[in-house]
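Scroll down for the structure; my scribbles are underneath it.
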Amino acid sequence: MRRRVPTLALLLTATLAATALPTAAAAPARPAPAPPGPAAAAEGPGTDHATDDPFTADRTNWFRQDRFGMFIHFGAYSNLEGEYQRPDGTVCRNAEWIQRQCKIPKDAYEKQAKAFDPAEFDAKAVVRAAKDAGMKYIVITSKHHEGYAMWPTKVNSWNLRDHSSFDKKRDILAELKKASDEAGIKLGFYYSIWDWHDPDFPDPATFPKYEKRMYAQLKELVDTYDPALLWFDGEWDTEDPHNPWTAKDGERLESYLRGLNPDLVINNRVGKRRVVDGDYGTPEQEIPDAPVDGQLWESCMTLNDNWGFARYDQNWKSGTTLVHNLLATTSRSGNYLLNVGPDARGRIPGPSVDRLKEMGTWLRTAGQGEAVYGARYGGLVEEPRWGAVSRKGDKLYAAVTRWPGAGKPLHLTARTDFRVKSARVLGSSQRVTVTKAGDGYDLTPSGDATNPTATVIELTVNPGRTARPGKGTGLKQEIFDNADLSGAPKITRTDPTVNHAWKFGGSPDASISSDRFGVRWTGSIEPRRTETYTLTTVSDDVVRVWIDGRLVIDSWNPHEPKVDKAQVPLTAGKHHSIRVDYAENTGEAHMKLLWSSPNQPQQIVPSTQLRTR
Ligand code: FHN
C-alpha cells in the first residue's frame with residue numbers, strides 16, 4: 001500500500017530552549033557531535049511526496065486565480081535606508097544586503113538595529129495599498145539573510161521585539177495578518193534559509209542546531225499567523241557564510257511543513273529552486289517568454305532597483321511597464337509578485353504607492369481586470385507582437401499595447417481551430433471587425449485605443465467540440481525491483497495518475513527499495529479534443545514514452561530532475577496506446593506525466609483520461 005506523506009507528523013527531537021542572542025564570538029572549537037537535527041522525515045520505501053497536482057488542486061486554486069501579489073522587503077536593514085557611513089566617513093550603499101556588501105561589523109550592525117523603530121508601520125495602509133493596486137496576496141519578509149526576525153520569536157533575541165526601539169507591545173506580522181484577513185487578502189511569509197547571524201549556520205557540524213531553530217521559527221510562523229504561503233529564499237550554494245543547504249534538506253523541510261499544514265503553498269526555493277521543489281518556480285526580475293513546463297510559476301520584481309528601501313533609488317518603473325509585465329505573466333499562466341520596501345519608519349515610499357494605484361486604476365477600469373484575475377495562457381493563439389492574450393473560459397482577452405492605425409488589423413495566429421463569435425473593446429462601443437485571415441484572424445477596431453497603457457479586446461470564442469470526460473481509472477503499473485525493468489514485475493496494479501515524487505528515500509511500494517527500481521505504465525490515453533498535445537515528463541533518473549507504438553520521449557541517460565516534452569497529435573475520444581518506462585538508479589526519484597494543448601491547460605494527465613488497456 002502506497003503511503004502518502006501529507007499527514008507526516010515530524011517531531012523535533014528536542015523542545016527548544018530559547019537561546020540568548022548569539023554573541024559575536026568566533027566559531028566554536030570543533031564541537032561535540034551536534035544534537036540530532038529535526039527528526040528525519042518519516043519516509044522510506046513506499047513514501048510518495050506527491051499529494052496532489054498543483055495545477056489543479058483546491059489547495060493552490062487561490063494562487064492560480066489571484067495572479068498578482070505584493071512582495072514586502074522589510075528588516076533591520078531598512079533602518080539604514082540603503083546607506084552606511086563607515087567610520088572613515090565613506091558611504092557604502094546597498095539595501096537588504098547592506099551588512100554583507102558594506103562589511104558592517106556585527107556589533108555595529110546590531111547596534112544600528114537596536115535603534116530600529118518602524119513606529120509608522122501601518123498594516124491597514126499597507127493592505128489598502130495592495131488592494132488599491134489590485135493585488136490579491138501579500139508576501140512579507142519574516143526573516144531575510146540578516147537573520148533578524150520581524151516577529152517576537154522565542155527562538156532567539158535577534159528580532160524586532162527584543163532588539164529594536166520599537167513598541168514591545170506591537171507585532172507587525174500579527175497586525176498585517178489581521179488587516180489582510182479583514183481585506184480578504186492572502187498573507188504569506190518570505191523566510192531566508194541562509195542566515196548571516198546565527199553562529200551555528202556556517203559549520204556543517206553545527207548546522208543541525210541552526211536547522212532546529214529554523215524549524216522552530218517556521219512552526220511559530222505557521223502556528224501563530226496561519227500563512228497561506230511560504231516563500232523560501234537563500235537556498236543556493238554560496239560562501240560567507242558557507243551555505244550547506246541541500247536538496248535533501250529541502251525535501252525534509254518541505255515534508256515537515258506539509259505535515260504542519262497540508263494547505264500551504266510553498267515555492268521552489270524550499271529545496272534547490274528546481275522543477276521538483278515546492279509548488280512553483282520563482283523567476284526573479286524576469287518574465288519567462290512562455291508558459292513554464294512542469295510547474296506553476298511566479299515572477300518577482302522590484303518597483304525600482306532595490307528590494308529593501310534605498311532612499312537614493314528613484315529608478316521607478318512606470319505604471320505602464322508594470323501593467324504590461326502583469327499582462328505578460330498572466331498570458332503565460334504565471335503570477336506577478338511586485339515588491340515594495342518600507343523605509344526606517346515603516347512607510348511605503350510614495351512613488352511605490354503612486355505606481356501601484358496606477359495599476360489598480362487600469363485593472364478596475366471597464367472590467368480590464370478580467371484579462372488577469374482567473375485568466376491564464378491564451379492557448380488558442382500565438383502571442384502577438386502587439387500585446388498579450390489571456391484566456392478565461394470562452395473569452396480571449398487581447399490586451400493591445402500597440403494600437404493599430406485607423407483601419408489597420410491586429411493579426412492573431414491560431415494554434416488550433418476555433419471560431420470567434422463576437423468581439424468588443426472593453427470601455428468602448430466601437431465596432432471590431434473580425435475576419436479569417438491566413439493562419440488565423442484579423443481584428444480591426446474602428447476607433448481609438450481607450451487608454452495609453454493597454455486596450456483590451458474581448459473575444460467570445462467557440463473552441464469547437466470537447467468530448468465528455470473519459471471513464472478511465474488510470475494506467476496499468478508494473479513495478480520492478482531493478483532498474484532494467486527485467487524479469488517479472490514484483491507488483492502489478494492500476495495507477496490513477498503518473499504523479500510521483502519518491503525523492504531520496506521513497507519508492508512505489510514499501511516492498512521496493514528506494515534505489516534501483518523500475519516502473520512501466522501501459523494502457524491508453526484519451527484526449528478530449530482533437531489537437532496537438534504537448535506531453536511533458538518530469539523525471540529523475542530516466543524515462544521513455546511511446547504513443548501508439550511510436551517513441552516520442554527518449555530520455556534514458558540518467559539525469560537530475562529534468563523536463564522532457566513531445567508534441568503528439570491526438571484524436572478526441574480515441575484511446576491512443578501509451579507506454580511509459582521509467583527507472584531510478586540512485587539518489588532522487590521523480591516521475592510525472594503532464595499534458596497540455598491549445599484548449600487544455602497544463603495538468604497531470606487525469607485518471608479519467610487513462611485506461612489500463
Ligand atoms: O538575496 C535575495 C534578495 O535580497 C531578494 O530577497 C531576492 C528576492 O527574491 N531574493 C534573493 C536574491 O535572489
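Taking only alpha carbon atoms, the chain gives an Rg to Rh ratio of 1.00, where Rh is the Kirkwood radius. Charge tally for E584 (other residues, Cβ to Cβ under 9 Å; Lys, Arg +1; Asp, Glu -1): -3. Cβ crowding within 10 Å, taken as a proxy for footprinting-reagent exposure, orders C102, C92, C300 from fewest neighbours to most as C92, C102, C300.
Between Q603 and V222, the simple spin-label model (points 7 angstrom out along Cα→Cβ) gives 2.8 nm. For the pair K574 and T492 in one chain, pulling the backbone fully straight at 0.36 nm per residue adds 27.0 nm over the alpha carbon distance. Taking the fewest neighbouring Cβ atoms within 10 Å as the starting point, the ordered list for I348, I491 is I491, I348. Placing a label point 7 Å from the Cα of R345 along the Cα-to-Cβ direction, the residues of the stretch 105-124 whose backbone N falls under 20 Å from that point are 113-124.
With the simple model of a label 7 Å out from the Cα in the direction of the Cβ, S446 to E286 spans 4.5 nm. Summary value for the chain: 14 percent relative contact order, contacts being C-alpha pairs under 8 angstrom separated by 6+ residues. Net charge of the neighbourhood of H145, taken over other residues with C-beta under 10 Å away and scored Lys/Arg +1, Asp/Glu -1, is -2.
Based on Cα contacts under 8 Å between residues 6+ apart, the stretch 376-462 shows a relative contact order of 34 percent. No disulfide-compatible partner, judged by a Cβ distance under 4.7 Å, exists for the following cysteines of the chain: C300. Think of each Lys and Arg Cβ as +1 and each Asp and Glu Cβ as -1; about the Cα centre, that makes the dipole of the stretch 475-611 roughly 560 debye. Remark: the chain carries a charge dipole of roughly 1940 debye about the Cα centre, counting +1 on each Lys and Arg Cβ and -1 on each Asp and Glu Cβ. Close amide H contacts of V340 (hydrogens built in the peptide plane, cut-off under 5 Å, sequence separation of 5 or more or a different chain): F71, I72, H73. Residues K169, K136, K143, K124, ranked from the fewest to the most other C-beta atoms within 10 Å, line up as K169, K124, K136, K143.
Over the chain, DSSP H runs of length four or greater, each weighted -39,500 (n - 2.57), average out per residue to a 222 nm ellipticity of -5500 deg cm²/dmol.
Read the figures in this text as sums done on the coordinates, not as results from a lab. Because the structure is predicted, anything quoted here is derived from the model rather than measured. FYI the Cβ positions are ideal-geometry reconstructions off the backbone, even for glycines, and counts take in every protein chain you see.
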